[in-house]
1. Counting just the residues of region 16-58 that are acidic (D, E) and part of a helix (DSSP H, G or I), which one comes out farthest from A124 (Cα to Cα)?
2. Give the residues of region 119-133 that are open to solvent by 20 Å² or more (accessible area, probe 1.4 Å) and touching a residue at least 12 places away in the same chain (Cβ under 8 Å), sorted by residue number.
3. Check V342, V349 and return the single one that is part of a helix (DSSP H, G or I), open to solvent by 50 Å² or more (accessible area, probe 1.4 Å), at pLDDT below 75 and aliphatic (A, V, I, L, M).
4. With respect to V46, determine if the residue is of a type in the set (V, I, T), modelled with pLDDT under 95 and buried (at least 16 other Cβ atoms within 10 Å of the Cβ).
5. Evaluate the following for T442: is it in contact with a Ser or Thr (Cβ under 8 Å, 6 or more places away or on another chain), modelled with pLDDT of 85 or more and not in a loop (DSSP other than H, G, I, E, B)?
6. Assess whether A413 counts as being in contact (Cβ under 8 Å) with a residue 24 or more places away in the chain and open to solvent by less than 20 Å² (accessible area, probe 1.4 Å).
7. Could you run through region 377-407 and say how many residues are at pLDDT below 80 and open to solvent by 60 Å² or more (accessible area, probe 1.4 Å)?
8. Being open to solvent by less than 20 Å² (accessible area, probe 1.4 Å) and in a helix (DSSP H, G or I) is the filter here; which residues of region 59-98 pass it?
Amino acid sequence: MSLLVVGLSHRSAPVSVLERAALTADAQAKLLQDTLATEPAAEAAVLATCNRIELYADVDKFHAGVAELSTLLARHAGAGLEELTPYLYVHYEDRAVHHLFSVACGLDSMVVGEGQILGQIKDALARSQALHTAGRLLNDLFQSALRVGKRAHSETGIDRAGQSLVSFGLEQLAENAPSGDGAADAPSGSGTSVEDWAKGKRALVIGAGSMSSLAAATLARAGVAEIAVANRTRSRAERLVEILGQPGGTGVAARALPIGEATDELPRADIVVSCTGATGLVLPAQAIEEATAGRAARPLALLDLAMPRDIDAAAHRLDHVHLVDIESLAAASADAPMAADVERVQHVVAQEVDAFGAAQRAAHITPTVVALRTMAADVERVQHIVAQEVDAFGAAQRAAHITPTVVALRTMAADVVAAETARLHGRLPGLGEREFAEITQTVRRVVDKLLHAPTVRVKQLASEPGGAGYADALRTLFDLDPQTVAAVSRADASSTDDPNRGRS
């Protein structure tokens with residue numbers, strides 16, 4: 001059996017396709033059950049988030065597995081196979097392991113380093129365990145992915161990228177939003193800082209997750225006059241409001257409201273940041289148009305950090321409205337804000353205009369340049385961790401493959417010892433029990449010592465790439481009964497079928 005993953009994500013498919021292919025919880029459960037009912041698959045797990053849908057399976061045939069998994073994915077996503085095929089990707093064996101580990105570390109996320117994916121991987125594992133579709137391979141794989149992701153976040157600064165994206169999005173609004181001086185199409189100017197632009201404005205933050213919370217804190221530090229937090233779960237919005245208003249914090253006036261009242265809050269807002277897990281639009285263009293009617297002096301700045309989008313893309317055509325979404329931010333690269341800062345530093349150095357002004361701008365930008373180098377180093381370290389863990393996981397799986405053969409060999413040796421000592425006891429009936437026990441123990445020690453070195457060595461060899469043939473060689477050399485080996489494998493598998501095994 002071999003690991004196979006078939007999926008599509010924000011890297012392979014446009015937003016419109018991802019939105020259409022989104023899977024409900026019931027659809028995910030049915031997809032798992034149908035996958036296990038197919039001939040090629042023995043285990044299955046599905047990782048479905050706002051910007052990826054991936055089906056993992058343990059299959060016995062590669063081509064048949066790809067065809068079956070692709071068909072099932074399209075069917076349960078409610079899309080035609082011919083529509084999804086151009087956007088599907090396939091990873092097999094070590095590449096599939098590498099892919100999931102990279103996903104767990106946030107290297108494959110739209111926001112590089114984001115930690116929310118770890119919870120989604122944990123949920124995917126729990127779902128497949130509850131439905132009994134995850135066996136030893138997928139249990140080990142997903143548990144290892146969770147550990148690798150936690151290690152990446154604890155040993156590197158990879159999760160600093162989320163701050164970069166929020167900051168970059170707000171910088172884009174500050175630099176390109178209408179000025180509000182009556183010239184609706186005139187940008188505020190590339191020299192406007194987020195602090196100067198946001199000071200005294202009213203902000204509406206939709207969502208209370210990590211990205212929304214980060215945006216709220218950034219706006220509070222920038223000096224907005226007030227923040228309204230709208231969220232589907234009212235208690236989470238109230239918790240974020242409580243954090244924003246804690247003593248020694250930003251001191252911003254903040255209040256919580258249900259997400260259903262977000263559109264009612266639009267006429268008061270100057271800045272809107274949205275990042276929810278909703279599958280449909282949170283702010284339709286019509287609601288935005290009605291909220292901004294007749295307010296040329298107060299343009300509305302919209303920052304959509306959700307995938308799929310929360311804010312209707314048609315809003316960018318409205319007067320006095322400026323929309324920036326995560327797709328446009330990520331289009332250049334995950335390091336776009338860093339690259340922009342580096343370019344500004346180079347411009348300051350090249351021009352050598354006012355020495356004092358150039359020094360001040362360079363001093364302001366230098367930490368960002370350092371952050372770029374640090375981020376690149378963090379990504380490289382995480383990639384190194386992923387490579388290490390892929391090798392370790394593969395070695396463990398190959399070693400586990402030979403274990404039933406080694407157990408069967410030792411079982412055969414024990415049977416031979418038992419038969420020969422029983423024959424000896426029959427031929428020497430006068431032999432005392434003490435002497436017989438000593439002889440039996442000696443024979444066992446001899447057999448154990450003879451088997452120790454070759455069995456240890458064969459496990460080492462089998463754990464290396466290309467070591468799958470050692471199990472066959474061992475069975476041939478010692479004429480082991482294939483049924484005995486299979487029985488050991490079944491017994492070993494049944495001991496790991498507990499759905500609660502390895503649950504995080």
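1. Top of the filtered list is E19.
2. Passing the criteria: Q120, K122, A126, R127, A130, L131, H132.
3. Being part of a helix (DSSP H, G or I), open to solvent by 50 Å² or more (accessible area, probe 1.4 Å), at pLDDT below 75 and aliphatic (A, V, I, L, M) holds for just one of V342, V349, which is V349.
4. When the stated conditions are applied, V46 does not pass them.
5. When the stated conditions are applied, T442 does not pass them.
6. Considered against the rule, which asks whether it is in contact (Cβ under 8 Å) with a residue 24 or more places away in the chain and open to solvent by less than 20 Å² (accessible area, probe 1.4 Å), A413 comes out as yes.
7. The number of residues fulfilling the criteria is 2.
8. Matches in region 59-98: G65, L69, S70, L72, L73, A74, A77, L84, A96, V97.
The values are calculated or read from the model by the stated rules, or taken from the named source; none is laboratory data. Quantities reported herein were computed from a predicted structural model and do not represent experimental measurements. Note that we place each Cβ from the backbone using ideal geometry, even for glycine, and neighbour counts take in every protein chain shown. Please note that ligands, DNA and RNA were not included when accessible areas were found on the heavy atoms of the full protein model with its side chains. Shrake-Rupley method; radii C 1.70, N 1.55, O 1.52, S 1.80 Å.
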